[in-house]
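K.L.:
Once you've had a glance at the structure underneath, I'll fire off some questions.
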Amino acid sequence: MRLKAMCDIEVSAPQDCPTVAMLRPSSGLAQWLASEAYFFEPHVPSTEYVDSFGNLCQRFVVPQGRMRIRVDVVVDTEATIAVDPNAPATPVDQVPDAALQFLLQSRYCPSDKMEQRARELVAGVAPGYAQVEAIRAWIHGNLDYRYGVSDAATDALDTLARGAGVCRDFAHVGIGLCRALQIPARMVVGYLHELDPMDMHAWFEAFVGGRWYTFDATQDAPRGGRIVVAYGRDAADVAFLSNYGDLTTERLTVRVELHADPAPPPLAAP
């Protein structure tokens, strides 16, 4: 399916504020970036680099006052996501080098303190995909999706204690529980078609059966129509805006819709 996504952000700064944005999706096996436009208002010089997780990062200075940042993309992505209830756990000695880091505890996913809870939740469930799905289903059925109960300091243990959170909190819980079972898990941020209410979104992936699979505890069933913007260990790695000074988000507008380009003209005969 072809999706058109837009993120329009207005920020304000009392003085010039160095900033790193993570707003550009990239092409890969799961998606293809067909077109994009990236605007600054006022225009400022910027540079781009690729971080250690392969994410595209834009570096610039937000000038004193107000600034608008807008990204429009058209992306070809899968209408459905892969599901394999029989995918076995991948033994740690067979986990690819690049995925090993996603077995470690991290700032928002203290998996070293979550093993007992994880084993209780998956008791009697076959190791691998089925365990991750059991975790996802438990989060969906037992934690309330609620704004205002978490903040930038909330980790997975806090969310479990409060029994509520938003998409990033649900992802942190899922990641922490998976890692406690020695299943590599990583955070994903991006867009989801027909998300309600519409916003930037977060979910998680787990490495089982020799590959990454998508899990989203905010949804009651597997759903495709996703545009990935960034991967990381947790929210600390995938912030849409990382500011190194005072910066306030005044407005955030997100839209995701189906996009059908007209068929390209046929090639001219030689």
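Read-outs throughout are calculated quantities, based only on the coordinates presented, and are distinct from any laboratory measurement. From a predicted model like this one, the values you see are computed outputs, not experimental measurements. As a convention, Cβ positions derive from the backbone with ideal geometry for all residues, glycine included, and neighbour counts pool all protein chains shown.
K.L.:
Give the order of D51, D97 when sorted by the count of other beta carbons within 10 angstrom, beginning with the fewest.
P.N.:
Fewest to most other Cβ atoms nearby, the residues stand as D97, D51.
K.L.:
Between G165, G124, G141, find the one with the highest GNM mean-square fluctuation for the chain; connect C-alpha pairs within less than 10 Å.
P.N.:
Of the options given, G124 has the highest mean-square fluctuation.
K.L.:
Please give me, ordered by residue number, the chymotrypsin sites (Phe, Trp or Tyr not before Pro) of the range 187-254 that lie in loop per DSSP and have at most 13 other Cβ atoms within 10 Å.
P.N.:
Of the chymotrypsin sites (Phe, Trp or Tyr not before Pro), the ones in loops of the range 187-254 whose Cβ has at most 13 other Cβ atoms within 10 Å are Y244.
K.L.:
Using only the Cα atoms, what convex hull volume per residue in Å³ does the range 135-270 have?
P.N.:
191
K.L.:
Can you give me the C-alpha center-to-center distance between the range 167-196 and the range 16-57, rounded to a whole angstrom?
P.N.:
If you average the Cα positions of each part, the centres end up 22 Å apart.
K.L.:
A follow-up question, please. Gaussian network model of the chain, Cα springs within a sub-10 Å range: biggest mean-square fluctuation belongs to which of E205, E250, E78?
P.N.:
Highest fluctuation among the options: E250.
K.L.:
Angle check, please: helix 129-142 long axis (alpha carbons) against the longest principal axis of the chain (alpha carbons), in degrees 0 to 90, nearest 10.
P.N.:
With both axes taken from Cα atoms, the answer is about 80 degrees.
K.L.:
At a threshold of 8 angstrom on Cα-Cα distance, excluding pairs fewer than six apart, so keeping six or more, what relative contact order does the range 92-222 reach in percent?
P.N.:
28
K.L.:
Hey, could you grab the Kirkwood Rh for the range 1-60? Inverse mean 1/r over distinct alpha carbon pairs, Å, one decimal.
P.N.:
The Cα-based Kirkwood calculation yields 13.6 Å.
K.L.:
Over all directions, average the projected area of the Cα convex hull of the chain and note it in nm².
P.N.:
With the hull built on Cα positions only, its mean projection is 16.9 nm².
K.L.:
Which value in deg cm²/dmol, rounded to the nearest 500, describes the helix-derived mean residue ellipticity at 222 nm for the chain, given -39,500 (n - 2.57) per DSSP H run of n ≥ 4 and division by the residue count?
P.N.:
For the chain, the value works out to -5000 deg cm²/dmol.
K.L.:
Right, something else. Just the Cα atoms of the range 57-184, one point each, no solvent: what log10 I(q)/I(0) does Debye give at q = 0.16 Å⁻¹?
P.N.:
Here the Debye-derived log intensity ratios amount to -0.92.
K.L.:
Would you look at the GNM of the chain, springs on alpha carbons closer than 10 Å, and say which of Q105, Q31, Q116 moves the most?
P.N.:
Q116
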